[in-house]
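Colleague: Supplied in structure tokens, the structure appears directly below.
The values are calculated or read from the model by the stated rules, or taken from the named source; none is laboratory data. Remember, it's a predicted structure, so these values are computed and weren't measured experimentally. As a convention, Cβ positions derive from the backbone with ideal geometry for all residues, glycine included, and neighbour counts pool all protein chains shown.
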């Protein structure tokens, strides 16, 4: 298994360094339309999609398309988002397996203080919400380390569920949700899930 430091290095290397033309688009869009846009993008292309929205739902930065299970965030985008007012942005992206947040997702929410809330929409309609607020803002390696401690603690429980159901996607969806529930308690974050 990769160490937290290796994962952090891999994550940092995944952050591209190139310009984004369209900062502060302020396109009129509502959250339902934004959610639909990222889901439709996945269905059409097979890739993940990411949107950055103001609290009123207006799009800040041009829609970002990614790969089958990830979206890279440029350094320019990070710098721009860090220049915005604290708690003024919603990050929205899709998870094809309908699982909860990944360690890199939580790192973005912790590192970029303008992100008031991160939202993930699963392709089965499940919605996840994470707000760091006044909670702790640990480093990526600390998030990842605690994430894997919790995951390993839960593995036998979810292995039994998988053995009974044979449904790896649903099993991982539930395990990932329980992992983030535990992380949120530890770091004093607000987390919730809405099932379709």
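Colleague: Suppose we keep only residues that are at pLDDT below 80 and not in a loop (DSSP other than H, G, I, E, B) within the stretch 23-37. Which one would you say is farthest from residue 121 (Cα to Cα)?
Modeller: 27
Colleague: Tell me whether the stretch 174-187 contains one or more residues that are out of contact with any helix residue (DSSP H, G or I) (no Cβ under 7 Å at 6 or more places or on another chain) and farther than 30 Å from residue 40 by Cα.
Modeller: Yes, that holds for at least one residue.
Colleague: Output the residues belonging to the stretch 74-101 that are assigned to a loop (DSSP other than H, G, I, E, B) and either on the phi > 0 side of the Ramachandran plot or in contact with a helix residue (DSSP H, G or I) (Cβ under 7 Å, 6 or more places away or on another chain) (or both).
Modeller: 87, 96, 97, 98, 99, 100, 101
Colleague: Tell me the residue from 64, 71 that is in a strand (DSSP E or B) and either touching a helix residue (DSSP H, G or I) at 6+ places or on another chain (Cβ under 9 Å) or closer than 23 Å to residue 99 by Cα (or both), please.
Modeller: 64
Every residue, every condition in (1) touching a strand residue (DSSP E or B) at 6+ places or on another chain (Cβ under 9 Å); (2) at positive phi; (3) modelled with pLDDT of 80 or more, yes or no:
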residue	(1), (2), (3)
5	no, no, no
18	no, no, no
21	yes, no, no
39	yes, no, yes
42	yes, no, yes
45	yes, no, yes
48	yes, no, yes
57	yes, yes, yes
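Colleague: For the stretch 71-113, name all the residues that are under 21 Å from residue 56 (Cβ atoms) and surrounded by fewer than 18 Cβ atoms within 10 Å (Cβ to Cβ).
Modeller: 82, 83, 85, 86, 87, 88, 113
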